[in-house]
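**Student:** Structure incoming, see below.
Read the figures in this text as sums done on the coordinates, not as results from a lab. Everything numeric in this text was worked out from a predicted model, so none of it was measured. Here the Cβ positions follow ideal geometry from the backbone for every residue, glycine too, while neighbour counts run over all protein chains shown.
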Amino acid sequence: MFAVETIIENSLYAIKYERNKRNEFSKLFKEWSDIEYLESFFEKHKSDLQKEFYNFISIEDAIEQTIEEADELEQKVIKIAENGKTNNLQNLQTLFKPLNKKDFEKYPIPDYEKTKVYGSAQKSWLRIYAIRIESNVFIVTGGAIKLTETMNEREHLQKELNKLNQVKQFLIDEGIIENDSIIDFIEF
Amino acid sequence: MANINKLNNLATNNSNWLEEAKNRQKNKEWLKHSQKIAIKVLRTLREKSIKQKELAAMISVTPQQVNKIVKGKENLTLETISKLENALEIKLIFSKNESKSISKSFKIEKEYVYFHIYSNRETIVNKKTDYNLNTEYFNHNCVNEKSANYGY
C-alpha cells in the first residue's frame with residue numbers, strides 16, 4: 001500500500017501510494033507547476049477566490065501566485081538538501097510547523113492566518129502535510145492548496161488527516177516508531 | 001526514539017524530485033513565459049468552449065503537443081506561438097514597451113499613431129497630446145522608429 005522514498009537522506013522522506021506514479025512530495029510540486037492542473041483547480045473553486053478575503057484575486061493571478069510560492073518553497077528545500085544537516089540554522093525545522101488542529105475541526109479560518117494573501121506577511125495557501133518522527137526528520141504524507149470557508153474543507157482535510165494516521169500506523173508496523181512514540185503532525 | 005536506520009533501509013532512492021526541481025530552476029526564465037502563454041491559452045479555450053483536441057487540429061499539431069503547451073512546460077517556437085495567436089485570435093507576445101494590460105482599443109490608437117509617423121511627422125507631433133502619450137515613451141518609441149526607417 002505504501003512505499004517510502006528518500007527526498008533528503010536522514011531528513012526528508014515522502015510516502016508513495018501504490019496508485020500513484022510519484023511520491024507525494026514530488027507530486028505536489030509537479031501539480032503546483034502545472035498550469036492545466038491549476039487552472040482547473042481554481043476554476044472549480046473560483047467562488048472561494050471571489051471574496052474580499054482573497055482580495056478578489058482573479059484565476060489568472062491565483063495561478064501565478066501559486067507558481068511563485070511553490071517556486072520559493074522549492075528553492076528553500078533545494079538549498080536545505082544541498083547544505084545537508086550541517087547547518088543547524090537552515091534545516092527543515094524552519095519550514096514546517098505543527099499542524100493546527102483547529103483546521104480539522106471548523107470551517108472558519110483561524111485569525112492568525114488572515115494575513116495570508118496580504119502584503120509581505122502573507123501566508124501561502126500551499127500546504128504540505130508531514131509526520132515528524134524525530135527532530136528534523138519528516139515524512140511527507142500529502143498536501144493541498146488550502147482555500148477555506150466555502151470549500152468543502154472538512155472533507156478535504158479529513159482525507160489528509162486520515163493519510164497522516166494511516167502512515168503513522170504504517171511506521172509503527174514497520175518498527176520505525178513505537179506505539180507510544182511522541183510524533184507530531186506537521187504542515188508547511 | 002525513531003529507528004532511522006530502519007527507515008533508511010525501507011526507503012528507496014526512486015524520487016526524482018531533486019532532479020526535476022533543479023531543472024525547473026535551471027529553465028525558470030523561459031518556463032515563466034511558457035506558463036503565462038499556457039494561462040492565456042487555457043482561459044481562451046474555456047471562454048470560447050474550444051477543446052484541446054480541436055485546437056490541435058486548428059494549428060496542425062498533435063493533441064499531446066497542445067497538452068504540453070497548456071501545462072506550461074513547452075519551449076514554444078515563434079511559429080507555434082503565431083499559430084496559437086491566429087487560431088485563438090489572441091495576442092501572446094508583446095514588444096518591450098507593451099504590456100498585457102494594454103487594451104485593444106489603446107493598441108488600435110497606438111497603431112494609428114505609428115501609421116502617422118511613417119506618413120507625416122508633423123501629424124504625429126500634433127497627435128502626441130491628443131493621445132495623451134507619455135513624452136519619454138513617445139520619443140523613445142516613435143522617434144527611434146522613425147530614425148530607423150527614415151534615416152534621421
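**Student:** Partner chain Cβ atoms within 10 Å, averaged over the residues of A:29-40 - can you pull that number for me?
**Tutor:** Partner Cβ neighbours, averaged per residue: 6.
**Student:** Over 23 Å between Cα atoms, which of A:79/B:71; A:16/A:46; A:44/A:146 qualify?
**Tutor:** Check vs 23 Å cut-off fails for A:79/B:71; A:16/A:46.
**Student:** Under the definition of Cα pairs under 8 Å and six or more residues apart, what whole-number percent is the relative contact order of the stretch B:18-88?
**Tutor:** Result for the stretch B:18-88 is 38 percent.
**Student:** A further question on this structure: Looking only at the stretch A:15-40, which residues have a backbone nitrogen under 15 Å from a spot 7 Å from the Cα of residue A:166 in the C-beta direction?
**Tutor:** A:15-25
**Student:** Oh, and also: Name the long-range amide H neighbours of residue A:12: under 5 Å, sequence gap of 5 or more, or other chain; modelled H, no Pro or chain starts.
**Tutor:** A:7, A:138
**Student:** Please name whichever of A:42, A:25, A:59 sits farthest to the positive end of the charge dipole of the stretch A:14-75, dipole taken about the Cα centre and charges placed at Cβ: Lys and Arg +1, Asp and Glu -1.
**Tutor:** The residue sitting farthest along the positive end of the dipole is A:25.
**Student:** Using a simple spin-label model with points 7 Å from Cα along the Cα→Cβ vector, what separation in nm is obtained for residue B:6 and residue B:94?
**Tutor:** Label at residue B:6, label at residue B:94, 5.9 nm between them.
**Student:** Using the charge dipole of the stretch B:18-88 (Lys, Arg: +1 at Cβ; Asp, Glu: -1 at Cβ; taken about the Cα centre), state which of B:44, B:62, B:88 has its Cα farthest towards the positive end.
**Tutor:** Positive-most Cα among the choices belongs to B:44.
**Student:** Using the Cα atoms of the stretch B:18-88 to build a convex hull, what is its mean projected area in square nanometres?
**Tutor:** Orientation-averaged projected area of the Cα hull: 4.7 nm².
**Student:** Can you sort A:61, A:71 so the residue with the fewest Cβ neighbours within 10 Å comes first?
**Tutor:** Arranged by neighbour count, lowest to highest, A:61, A:71 become A:61, A:71.
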